[in-house]
Amino acid sequence: MNLIWRAVYRFYRVMSWLIHWSQRRFTFAGWLVLVGFCVSAFGALDMESLSAYQGLVLLLWLILVAFAFSLFFRFKFSAERLLPRFGTVGQVFIYRIRVKNLTSKIQMGLTLMENPADPRPSFEEWLARQLAEEKKVRSLRLSRPQQRYNPFRIATVSNASVPPIPPGGEAEVQIAVTPLRRGLLRLEGLTLARTDPLGLVRAFAKFRAPETVLILPKRYPLPPVVMPGSLRFQEGGVALASNVGQSDEFVSLREYRRGDPLRRIHWRSWARIGKPIVREFEDEFFARHALVLDTFSDEPFSETFEEAVSVASSFACAVRTQESLLDLLFVGSQAYCFTTGRGVGHVEQMLEILASVRVCTDKPFDTLETLALNHISAVSGCICVFLAWDEPRQRLVRKLKALNVPVRVVIIVADEPARAFDPGPMMDEPDNFHTLIVGQIEQGLSRI
């Protein structure tokens, strides 16, 4: 069976390359000639059809002459992109490219094309996607009508017409990019294309220029959200509220006591006095929330998981206007906790992290439960973004509520369930229990 899958995968790679190559190489007129050639070839099967043979020869001659002209295109150039640092899924961004003519002739009729990295997946990634699709087909559930989701194509990039460039001169063009999914958009180089005199085939001159743009998750507008929980005592204040970074704001210096964390040591004072000195911070009361992101799924490239990341990103941006801290908790290659708010970190940093989150397939859900419970002592409230509502997830919510932690649960599902989920431990708080359906996320969030 594995040999069959590998044969199908090779066929997929060959056909996808052929489609990509032909779309770039042929103009619209070239496609018409190519289609006419194929039709004439079928007509030539009739041995008595002389006109079919004549059309076949004429169209073949046009294609060969067009390709012959393209062989004489020689153009040396350099280019510089002026890229933004970030893009966002679903939001078009435009950047400029400066093209310099390194030849002694004026260059006209050029089209600039970007060369993104090959989006085709590895065999393992492709097979995982195919098996997930096959599992969906075998289930007899009726799914909502939707466009086919391609988890491997990260963006669409437009072409740009280049104005005439004098010898040694420069021209500036604009390229529009529409990000389709989060992650790193890799741009490997640039191609300048010129159409042959017959207008059928493009000739190419390539320039290697590898660069990247980080595509952030899609964010949905949220109404004013009252985060669960209230102010809590935070020992050491904001400076010690996060495992990331330190603050120079402290009350005083004092001698080291057994049990003081090493990161509170004031090394300069120790070097000057000769004994360990630590910084003492002012204790504060403020709100601190946990955002728990469920990364456990059998489908590593599902649209449901992508929407869960988008919902988590939307909540992360909602804390900008609130005087609180937000801890992002999730499990990837290991358990992670990232904190933002009140000067400890910036929302952009959390979005960068969320842009790279992947599904966890090699650890049990208990890993996330342990992570959440270990960070819950100083937390005012918790928002859980789940991919399912099974017993392990209900058990986590039950334990959080047993610790008197206010909880808001958001479940992301691919299709509308036949029956509404049983709230279980959230039975007494129906206003904090939400089910969001892929394709209707924005409408669902507006009702929170």
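Readers should treat all values here as calculations from the given coordinates under stated rules, not as data from a laboratory. What you see is a predicted model; the values in this text were computed from it and never measured. Cβ atoms come from the backbone with ideal geometry, glycine included; neighbour counts cover every protein chain shown.
Which residues' amide hydrogens lie under 5 Å from the amide hydrogen of Thr27, considering only partners 5 or more residues apart or on another chain, with H built in the peptide plane?
Those lying under 5 Å, H to H, from Thr27 are Val201, Arg202.
What is the set of long-range amide H partners of Ile383 at a cut-off below 5 Å, with H atoms built 1.01 Å from backbone N?
For Ile383, the qualifying residues are Ala290, Leu291, Val292, Arg408.
Using the Karplus curve 6.51 cos²θ - 1.76 cosθ + 1.60 with θ = phi - 60°, what ³J(HN,Hα) values do you get for each residue of the stretch 63-71, in whole Hz, with x for Gly and Pro?
Using θ = phi - 60°, the values come out as 5, 5, 5, 4, 5, 5, 4, 5, 5 Hz.
How large is the translational diffusion coefficient of the stretch 355-413 in µm² per second when you combine the Kirkwood radius over alpha carbon pairs with Stokes-Einstein at 4 °C and 1.567 mPa s?
Estimated diffusion coefficient is 105 µm²/s.
Using only Cα atoms, figure out Rg for the stretch 286-391 and give it as a multiple of 2.2 N^0.38 Å.
1.02
In the stretch 305-448, if the dipole is taken from +1 on Lys/Arg beta carbons and -1 on Asp/Glu beta carbons about the Cα centre, which of Val357, Ser446, Gly381 is farthest to the positive end?
Working it through, the farthest residue towards the positive pole turns out to be Gly381.
Give the distance, in whole Å, between the Cα centre of the stretch 162-187 and the Cα centre of the stretch 377-448.
For the stretch 162-187 versus the stretch 377-448, the Cα centre distance is 44 Å.
Find the eigenvalues of the gyration tensor of the Cα atoms of the stretch 307-448, then list the square roots of 5 times those eigenvalues as equivalent ellipsoid semi-axes, largest first, in whole angstrom.
Its equivalent ellipsoid spans semi-axes of 22, 18, 17 Å.
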